[in-house]
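Structure, as structure tokens:
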Amino acid sequence: MRLDCGGKPLDLGQPVVMGVLNVTPDSFSDGGRYLQLTDALRRAEAIAAEGAAIIDVGGESTRPGAPPVSVQEELDRVLPVVERLARELPIPISVDTSKPEVMREAARAGAGLINDVRALRLPGALEVAAACGVPVCLMHMRGEPATMQREPDYADVVTEVYGFLAERVRMCADAGISRDRILVDPGFGFGKTLEHNLSLLRHLDRFVGLAAGLLVGISRKSMIGALLDAPIGERLSGSLAAAVIAAWQGAHIIRAHEVQETVRALRVCAAVLAVR
């Protein structure tokens, strides 16, 4: 199974890693580290060398409580990075955004995938994403980043998240984005308690087959910190455990900060899964 990401293939035949590159001052894990173009390019080169199959560039933090940024500010952050990486690296570049204006300009600059935490729900986003012609990732989020962790509540988190994503896949198909160009992401930590996150991870296999692929982002998140009683910088072991659990249940893409370690863990997982 392959996705055509703006002319660069993304092979989903076995679990792969999406490396995180946040060009923001306030992302929860690496905010402020890659604001300068030279720092961002150097980090991207390292991510690629460590074995990432795709790099996800984000210009607006979506951590709990994060304030929004303007369209122009987000464009100023991501476009120079996307343009250089798309030109210089052989792997696809994803843009992590909800704004249709950023989607359009990033795709023109060479982005091969649109990764949207709001699942193309902002006005104009669905139409722009369809016109860009690149694959999309639809994520579930309850509420908005500024408020999403204020007492999130579900009758059945797995069923409700699945229903939301299934409806967004249908809306995309109606807008001209075929199912074979869609990834889904249950949105760990986006309007969910620890118990909600654990339930989604336990039943992640329910989401396999909903679209062309399943993307999971658990790396360094608060659920890992809560389980291990560990600060952000000490969550590698828990992040790797969650990545392997997700891959074992059928996740195609693991979004991660520690790329090389995650690539190696998934390689072991894939070898065992390949045995019949």
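The values are calculated or read from the model by the stated rules, or taken from the named source; none is laboratory data. Predicted model, so just to flag it, every value in this text is computed and none were measured. As a convention, Cβ positions derive from the backbone with ideal geometry for all residues, glycine included, and neighbour counts pool all protein chains shown.
Go through the stretch 78-96 and give me each residue that's surrounded by 24 or more Cβ atoms within 10 Å (Cβ to Cβ) and charged (D, E, K, R).
96
Looking only at the stretch 216-224, decide whether some residue is outside any loop (DSSP other than H, G, I, E, B), in contact with an Asp or Glu (Cβ under 6 Å, 6 or more places away or on another chain) and at pLDDT 95 or above.
no
Can you report the number of residues in the stretch 160-216 which are of a type in the set (D, E, K, R), in contact with a strand residue (DSSP E or B) (Cβ under 9 Å, 6 or more places away or on another chain) and without any contact (Cβ under 8 Å) to a residue 24 or more places away in the chain?
0
In the stretch 88-191, which helices (runs of 4 or more DSSP H) lie fully inside it and hold 3 or more residues that are hydrophobic (A, V, I, L, M, F, W, C) and within 29 Å of residue 51 (Cβ to Cβ)?
The helices (runs of 4 or more DSSP H) meeting that bar are 100-109.
Can you tell me which residue in the stretch 98-120 is nearest to the chain's Cα centre (by Cα), limited to those that are within 18 Å of residue 88 (Cα to Cα) and among the aliphatic types (A, V, I, L, M)?
So, considering only residues that are within 18 Å of residue 88 (Cα to Cα) and among the aliphatic types (A, V, I, L, M), the one nearest to the chain's Cα centre (by Cα) is 113.
Within the stretch 164-191, count every residue that is surrounded by 22 or more Cβ atoms within 10 Å (Cβ to Cβ), modelled with pLDDT of 95 or more and over 13 Å from residue 136 (Cα atoms).
So the count comes out to 3.
State the number of residues belonging to the stretch 182-221 that are basic (Lys, Arg) and within 23 Å of residue 56 (Cβ to Cβ).
3
Among the residues of the stretch 150-163, which ones are at pLDDT 95 or above and among the acidic types (Asp, Glu)?
Matches in the stretch 150-163: 156, 160.
Could you please find all residues in the stretch 39-63 being modelled with pLDDT of 95 or more, acidic (Asp, Glu) and surrounded by fewer than 20 Cβ atoms within 10 Å (Cβ to Cβ)?
45, 50
Suppose the filter is closer than 19 Å to residue 211 by Cβ and surrounded by fewer than 24 Cβ atoms within 10 Å (Cβ to Cβ); does residue 121 pass it?
yes
Can you find even one residue in the stretch 234-247 that is farther than 26 Å from residue 210 by Cα and among the β-branched types (Val, Ile, Thr)?
no
Working carefully through the options 77, 84, find the one that is farther than 30 Å from residue 271 by Cβ, touching a strand residue (DSSP E or B) at 6+ places or on another chain (Cβ under 9 Å), touching a residue at least 40 places away in the same chain (Cβ under 8 Å) and basic (Lys, Arg).
Every option except 77 fails the conditions.
Out of 157, 136, report the one residue that is of a type in the set (A, V, I, L, M), buried (at least 23 other Cβ atoms within 10 Å of the Cβ) and more than 21 Å from residue 22 (Cα to Cα).
Criteria check complete, one pass: 157.
State whether the residues of the stretch 69-77 include one that is part of a loop (DSSP other than H, G, I, E, B) and either out of contact with any Leu (no Cβ under 9 Å at 6 or more places or on another chain) or at pLDDT below 95 (or both).
yes
Every residue in the stretch 200-214 that is surrounded by 14 or more Cβ atoms within 10 Å (Cβ to Cβ) and either out of contact with any helix residue (DSSP H, G or I) (no Cβ under 8 Å at 6 or more places or on another chain) or part of a loop (DSSP other than H, G, I, E, B) (or both), please.
Hits for the stretch 200-214 are 203, 208, 210, 211, 212, 213.
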